[in-house]
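Novice: So that we are looking at the same thing, I have put the structure below in structure tokens.
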Amino acid sequence: MRYRDAAKARARSIAIGGGSLLLATSLCSCAYLPWIHRKGSAGATAQSTTTDSLQVVGVESSSQPARSAPFAIALGPDQAIWFGEFLTNDIGRISPLGQVKLLRVKDGGIAERMAKGPDDAIWFTDPSSNRIGRINRDGDVAFVRLLMDNAGPAGITLGPDGNLWFTEHRTERIGRVTPLGIVAEFALPHGGDPAGIATGADGRIYFAENSGNRIGRIGLDGAIDEFPLPNPGSAPNSIVNGPDGNLWFTELGSQKIGRLTPQGDVTEFALPVAALPMDLAAGPDGAVWVSLPGVHAVARIAPDGHANVFYFAVTVIPGLVTAGSDGNVWFTEPTGKIGRLSVAGILTEFPATPSEPSGS
């Protein structure tokens, strides 16, 4: 599977027009937005750094966007849920009670993926502008540009070293940025289109190699090793550190959920329904929760692989997913909503529109 450029995907989605279902299908059918372009193998592991600091840009409070399509989502350091809008330059924050505030980044960009930082801020990848962004609750925004053009930043995670680690699918590298904006990049030995990324319980960083059909692992010193998947064409995509201390990941090609132990043992679990697993999150109940937008459902995967599926109305299209501080699972819906799902399967939806004064 190839990865599609986020900016082109956004342009295509806008051009589609029509109802929300077409837009939702366009977004949800591609998870990390399969890119058009692909670079060759990166060769030997290499590291380069820059001392450029974060570039601060302005934001303004945003009223309801002309068209809402929440995409990226993460639990913030303030215990609220943060999300990015795919069709606008908005970044939103929703409280556990559903109160929404939007901030519009004046310098543009798209939040492809988000992660809580070490500095009371949310960090995000912005492939459309080839940079990593940072935003805090006060709306202060800063960016750091990447070392190579068209790097294709995708997944992002907070490492145990207090830095943000991210994938670069186009240049086939793993990136690291410090809170001060100093960037280092590590080339993968065999390429592989790195997509999702997560911090493991063993203090190392794991990532899914989409076209490489592997799960990779990088130490804080930049040393990389890789674990091939048992079946060709599995297309691993999203990955998360599970409550059991193992790494869990989606397989877009096989429509399965995989589990990798820190020792390198891989187990695959078939879903109880034929559906594309778009994203997954470690739930508050010791299980892994998986969004299945094509069948309007979310699956709960127990540590032994047993799955339960919660089906919703056809108007509900779960996108990216994260666990909240309130004991619920939250997900974006490209139809303009944020979903909150209890571990008992009770769904509440909130419009992704401002519900508090812009200055609060």
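Novice: What pairs come out if I take residues in segment 240-253 that are under 13 Å from Ala282 (Cα atoms) and pair them with residues that are basic (Lys, Arg) and assigned to a strand (DSSP E or B) whose C-beta lies under 6 Å away, six or more apart or interchain?
Specialist: Going by the 6 Å Cβ cut-off, the qualifying pairs are Asn246/Arg259; Trp248/Arg259.
Novice: Further question: If I filter segment 133-143 for residues that are touching a residue at least 12 places away in the same chain (Cβ under 8 Å), more than 23 Å from Phe86 (Cα to Cα) and surrounded by fewer than 24 Cβ atoms within 10 Å (Cβ to Cβ), do I get at least one hit?
Specialist: Within segment 133-143, not a single residue is touching a residue at least 12 places away in the same chain (Cβ under 8 Å), more than 23 Å from Phe86 (Cα to Cα) and surrounded by fewer than 24 Cβ atoms within 10 Å (Cβ to Cβ).
Novice: Can I ask one more? Across segment 78-114, what is the total count of residues that are part of a strand (DSSP E or B), in contact (Cβ under 8 Å) with a residue 60 or more places away in the chain, open to solvent by less than 10 Å² (accessible area, probe 1.4 Å) and among the charged types (D, E, K, R)?
Specialist: Final tally of qualifying residues: 1.
Novice: How about segment 218-266: which of its residues are closer than 15 Å to Gly155 by Cβ, crowded, with 21+ Cβ neighbours inside 10 Å and not β-branched (Val, Ile, Thr)?
Specialist: Correct list: Ala235, Pro236, Asn237, Ser238, Leu247, Trp248, Phe249, Leu252.
Novice: Would a scan of segment 213-222 turn up a residue that is among the acidic types (Asp, Glu) and either in contact with a strand residue (DSSP E or B) (Cβ under 9 Å, 6 or more places away or on another chain) or closer than 22 Å to Asn130 by Cβ (or both)?
Specialist: For segment 213-222, residues among the acidic types (Asp, Glu) and either in contact with a strand residue (DSSP E or B) (Cβ under 9 Å, 6 or more places away or on another chain) or closer than 22 Å to Asn130 by Cβ (or both): absent.
Novice: Can you go through Ser234, Ser238 and tell me which one is closer than 23 Å to Ile301 by Cα and under 13 Å from the mean Cα position of the chain (by Cα)?
Specialist: Ser238
Novice: Separate question: Quick one: how many residues across segment 144-158 are open to solvent by 10 Å² or more (accessible area, probe 1.4 Å) and assigned to a loop (DSSP other than H, G, I, E, B)?
Specialist: 5
Novice: Further question: Condition first: open to solvent by 10 Å² or more (accessible area, probe 1.4 Å) and among the aromatic types (Phe, Trp, Tyr). Now tell me which residues in segment 286-313 satisfy that.
Specialist: Phe310, Tyr311, Phe312
Novice: If you don't mind, there's one more thing I want to ask. In segment 258-280, what count of residues is obtained for those that are part of a strand (DSSP E or B) and among the β-branched types (Val, Ile, Thr)?
Specialist: 2
Novice: Quickly run through segment 146-166 and pick out the residues that are farther than 19 Å from Asp202 by Cα and under 19 Å from the mean Cα position of the chain (by Cα).
Specialist: Leu146, Asn150, Ala151, Gly152, Pro153, Ala154, Gly155
Novice: Please determine, by comparing only the residues of segment 117-132 that are assigned to a loop (DSSP other than H, G, I, E, B) and either in contact (Cβ under 8 Å) with a residue 40 or more places away in the chain or more than 19 Å from the chain's Cα centre (by Cα) (or both), which one is farthest from Trp165 (Cα to Cα).
Specialist: Result: Ser128.
The values are calculated or read from the model by the stated rules, or taken from the named source; none is laboratory data. If you're wondering where the values come from, they're calculated on a predicted model, not measured in any experiment. All Cβ positions, even for glycine, are placed from backbone atoms using ideal geometry, and neighbour counts span all protein chains on display. Surface accessibility is based on the protein's heavy atoms, side chains included, excluding ligands, DNA and RNA. Shrake-Rupley method; radii C 1.70, N 1.55, O 1.52, S 1.80 Å.
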